[in-house]
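First up is the structure itself, then whatever we jot down about it.
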Amino acid sequence: MTDVQAERPAIPGDLGVRVRRLAVPISLGVVTGLGAQFAISALLGNMGGAALYVRALFIPIAFVFLALEEGIEISSQVIAARQKGADAERRPPVVRLGAFALGCFLVLAVVVAVLAPQMARTLDVSAEHTDTFVLFARLVVAAYALAVLNSVVAGTLRGWGLARSASAITITVAVTQVLGVWLLDEFGGLGVYAVPWSIAISSVITLAAGLFLLVRTGMLRDRGPVAEPRAQTLQVLAAVGIPVSIAYLLISAMNYTSLWVLSGFGKDAVAGYGAAQAVQVLCLAPAIALGSAAAITMNQSLGAGETHLLRPVVLVGVRYALAVYAVIGIAVFALAGPLGDFMSGDDGTADFASSYLSAVSLSWVAFGLITMLNMTLQQVRSGQFAIATDLAYLLAVNVGGGLIARAMDEPKAYFAALAIGNFVIGGMLLAVAWRRYGRLAEAAA
């Protein structure tokens, strides 16, 4: 054995086990959370076309809030993971992050409430639905201000390695929201307005449960080592939170572009896209879970000084993602028709949703890989690469494909552009991530 081989750090054989132990409960929580949105979309679809139409129009605005929420949640997760790897006795700055999150969301909620009428005009909301859209938007953003506190709690628990506790919060949110929408519409007759009220009610219930879990695990204790310095918290928020938020804003722009492209093909196209998006987002749950699990493992390794594990962890995540999405893509392709019918009782909307799923689902083997790698890049000192990927996707696939579809007056041309773009960008991102983490490991060696 040479001297170089003797000095090479050993790579644990349990990396796959470590990633799976995190990914499974995270995936359960994500599937349940996204499944709730899937179920809510189905409930709205059966309230009538107007309810699903209004919610579909709200998607770009929702992604703005999701961008900020994810930036805060993932920052909480990264802070907790690195702290756990370096010094498990030092508690995470939960209260500080919660105050920051609440302040940001209140400011953004006020901005959206004031600008909601202008947003309706920008989105070309029909006159008969403008008032409904404006009130819906104002109520939802107010409810989001409560919901973000749960994200801080869940992110902290997940980063600390308590994925089951974090998933319990996510599952409780999901169940109470679905029940809330159904009960408030069925017995209260609130229609689409059942959505914001269910968000608010579920947020209050789960925040109480989340705080109890933090107290029980000692992360809100009054004594013991204090939280990390404020400057370090702000540094992570800037280095991780801002790139994550920018990435999600670009996703919002992608959805906005898709709505613009498909709005030229009628109301059924917009509503059908909203229904198909609910299916697609639900199917992305494993990729989100794998990316988060890999990132938590990598950040704990960084905290412990084990940088040689970065590439092996990425490889584990990639293998799982390819296997999972080969199965999911084929299943959705085979069930595209029944899924469209399930998502909406309107024939036009259901047909369009089925058409989208048939054209795009097989490319999810690459789209799942993109999502998994982006989640990892965002959380492990490489957010700029995730931003570059999303920007390239927006300009080349969404805008470029959208212009072609509009010129051809054929929505299926847009679907084809999405499918091709998934494979091209997925391959490029894999090469970038592999090179990036190799360099990080070499720099720290």
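The values are calculated or read from the model by the stated rules, or taken from the named source; none is laboratory data. A quick note: this is a predicted structure, and the numbers were derived from the prediction, not measured. Because the Cβ atoms are built from the backbone with ideal geometry, glycine has one as well, and the counts that use them run over all protein chains shown.
Confirm whether residue 387 is under 21 Å from the mean Cα position of the chain (by Cα), under 30 Å from residue 295 (Cα atoms) and at pLDDT 95 or above. Full working, then the answer.
Values: under 21 Å from the mean Cα position of the chain (by Cα): yes; under 30 Å from residue 295 (Cα atoms): yes; at pLDDT 95 or above: no.
The answer is no for residue 387.
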Discussion item. Six or more apart or on different chains, Cβ atoms under 7 Å: show the pairs whose first residue is in segment 135-156 and closer than 15 Å to residue 93 by Cβ and whose second is of a type in the set (S, T, N, Q).
Written reply: 152/76; 155/76; 155/77; 156/76
Practice prompt. Give just the number: which of (1) touching a Leu at 6+ places or on another chain (Cβ under 6 Å); (2) surrounded by fewer than 20 Cβ atoms within 10 Å (Cβ to Cβ) does residue 138 not satisfy?
Written response: (1)
Worksheet item: With respect to residue 188, is the statement that it is part of a loop (DSSP other than H, G, I, E, B) and surrounded by fewer than 20 Cβ atoms within 10 Å (Cβ to Cβ) true?
Response: yes
Practice prompt. Please name all residue pairs, on different chains or six or more residues apart, with Cβ atoms under 6 Å, provided the first residue is in segment 332-352 and is free of Cβ contacts under 8 Å to residues at least 24 places away in the same chain and the second residue is not β-branched (Val, Ile, Thr).
Written response: 337/354; 341/350
Worksheet item: Among the residues of segment 357-398 satisfying the criterion of being touching a Lys or Arg at 6+ places or on another chain (Cβ under 9 Å) and in a helix (DSSP H, G or I), which is farthest from residue 252 (Cα to Cα)?
Response: 359
Fill in: Among residues of segment 395-433, those that are touching a Gly at 6+ places or on another chain (Cβ under 8 Å) and of a type in the set (Val, Ile, Thr), counted
1
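Would you mind finding the one in 257, 297 that is polar (S, T, N, Q) and closer than 26 Å to residue 157 by Cα? Let's see the steps before the verdict.
Details: 257 fails: closer than 26 Å to residue 157 by Cα.
Step by step, each of 257, 297 is checked, and only 297 is polar (S, T, N, Q) and closer than 26 Å to residue 157 by Cα.
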Fill in: Sole residue being within 22 Å of residue 195 (Cα to Cα), within 23 Å of the chain's Cα centre (by Cα) and crowded, with 16+ Cβ neighbours inside 10 Å, chosen from 109, 80, 120
109
Practice prompt. Can you work out which of the residues in segment 271-309 that are at pLDDT below 85 and among the β-branched types (Val, Ile, Thr) is nearest to residue 33 (Cα to Cα)?
Written response: 281
Worksheet entry | Unmet requirement for residue 140, which otherwise passes all of (1) part of a helix (DSSP H, G or I); (2) more than 23 Å from the chain's Cα centre (by Cα) | (2)
Worksheet item: Across segment 100-127, what is the number of residues that are in a helix (DSSP H, G or I) and touching a residue at least 12 places away in the same chain (Cβ under 8 Å)?
Response: 14
Worksheet item: Can you find a residue in segment 19-42 that is part of a helix (DSSP H, G or I), under 20 Å from the mean Cα position of the chain (by Cα), modelled with pLDDT of 75 or more and among the hydroxyl-bearing types (Ser, Thr, Tyr)?
Response: yes
Item to complete: Could you please let me know if residue 303 is touching a residue at least 60 places away in the same chain (Cβ under 8 Å), small (Gly, Ala, Ser) and crowded, with 20+ Cβ neighbours inside 10 Å?
Response: no
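When you go through 369, 394, 373 one by one, which is the residue that is over 27 Å from residue 303 (Cβ atoms), touching a helix residue (DSSP H, G or I) at 6+ places or on another chain (Cβ under 6 Å) and in contact (Cβ under 8 Å) with a residue 40 or more places away in the chain? Outline the logic, then answer.
Details: 369 fails: over 27 Å from residue 303 (Cβ atoms); 373 fails: over 27 Å from residue 303 (Cβ atoms).
Of the residues listed, the single one that is over 27 Å from residue 303 (Cβ atoms), touching a helix residue (DSSP H, G or I) at 6+ places or on another chain (Cβ under 6 Å) and in contact (Cβ under 8 Å) with a residue 40 or more places away in the chain is 394.
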